[in-house]
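The values are calculated or read from the model by the stated rules, or taken from the named source; none is laboratory data. All of these numbers come straight from a predicted model, not from anything done at the bench. Neighbour counts are summed over all protein chains in view; Cβ atoms, including those assigned to glycine, are modelled from backbone coordinates with ideal geometry. SASA here: full protein model, heavy atoms, side chains in, ligands and nucleic acids out. Shrake-Rupley method; radii C 1.70, N 1.55, O 1.52, S 1.80 Å.
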Amino acid sequence: MPRFRWLSIGEIPQAYDLRRCGWALLAPGEGEPASHPALVDDPAVATDIHGTRAKATTILLGVEDSHKRACWLAHGFGDVLSPQIKLAELEQRTLRLVDVLAAVPGRRQHGALELDLLLRDGVVRGSRLGLHPREFGLLWRLAQVPGQPVSPNDLLAEVWRMNFKPETNSLAVHVCRLRAKLASAGLAGIVSTTPEGSYALIPAKGQTIALAGKTALTHRSLRQSQIVPGQDNEVP
């Protein structure tokens, strides 16, 4: 039986009550946070929802104005619907959200480093790194393709949501801070820079990364690849 949350104060209006379609309603505090789709029809409550995954698992209901719906979507909500939505359509949109969330990995492991999408933080040997949201976004993106360089333009577009190169050196500053936090956790040199200025996560020890059109990249063959690490430390 699929389960959902109701985040607004008061009872669920019949028009939004998925229990009429066979769903189960989770009690407040039941289950892991952001582990199931949530419904809310109060913009004030929606404003207090923080965290990428928490927003991505939430459907905001009852927003009449199209421009406002677009703004809420731009803030990362899973879906934003008008008051005219029918229960059958709401159920299908909620099911689609469940499918999308199930396809997104919640964690990425890279040697001693574990990235948790729900916490938006990295953990090394049980200790959290205390990453800034963009530091986490950078590391999460690099961990998606370990050993493969990611260009500054791609990082700005995917992490900063910018389609142009800003005049500030924000990317370089965040990479520097990220490297310092990783170094303090014993992972100095894990984020490397290519001669062209792209960034890459050094493959974990014993890991082989196949790059399109290039020789497979391994931890041991790193020095013979195009990636130039900032330091010589190995990735545990």
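Potential lengthening of the chain between LYS86 and ASN169 amounts to 25.1 nm, from the contour at 0.36 nm per residue minus the alpha-carbon distance. With all protein chains present, how much of the accessible area of region 1-58 (probe radius 1.4 Å) comes from carbon and sulfur, to the nearest whole percent? Using a 1.4 Å probe with all protein chains present, region 1-58 comes out at 55 percent carbon and sulfur.
Per-residue packing, averaged as other Cβ atoms within 10 Å, sorts the ranges 151-157, 25-31 into the order 151-157, 25-31, beginning with the highest. The mean sequence distance of close C-alpha pairs (under 8 Å, at least 6 residues apart), as a share of the length of region 92-137, puts its relative contact order at 20 percent. Accessible area ranking (1.4 Å probe, heavy atoms, ligands and nucleic acids excluded), largest first, for MET162, MET1: MET1, MET162. Here region 27-164 yields Rg over Rh of 1.01, to two decimals, using C-alpha coordinates and the Kirkwood radius.
With a Förster radius of 35 Å applied to the beta-carbon distance between ILE9 and ARG107, the computed FRET efficiency rounds to 0.60. Computed with a 1.4 Å probe on the full set of protein chains, the accessible area for VAL173 sits at about 50 Å².
Each label was represented as a point 7 Å from its Cα along the Cα-to-Cβ direction; for ARG96 and MET1 these points are 2.7 nm apart. With a Förster radius of 22 Å applied to the beta-carbon distance between ASN153 and HIS67, the computed FRET efficiency rounds to 0.15. The protection proxy used here, the mean number of other Cβ atoms lying within 10 Å of each residue, ranks peptides 180-187, 43-50 as follows, highest first: 180-187, 43-50.
Hey, can you rank 65-75, 127-137 by average C-beta count inside 10 Å, highest first?
Details: 65-75: 12.7, 127-137: 17.1.
Ranked by mean Cβ neighbours within 10 Å, highest first: 127-137, 65-75.
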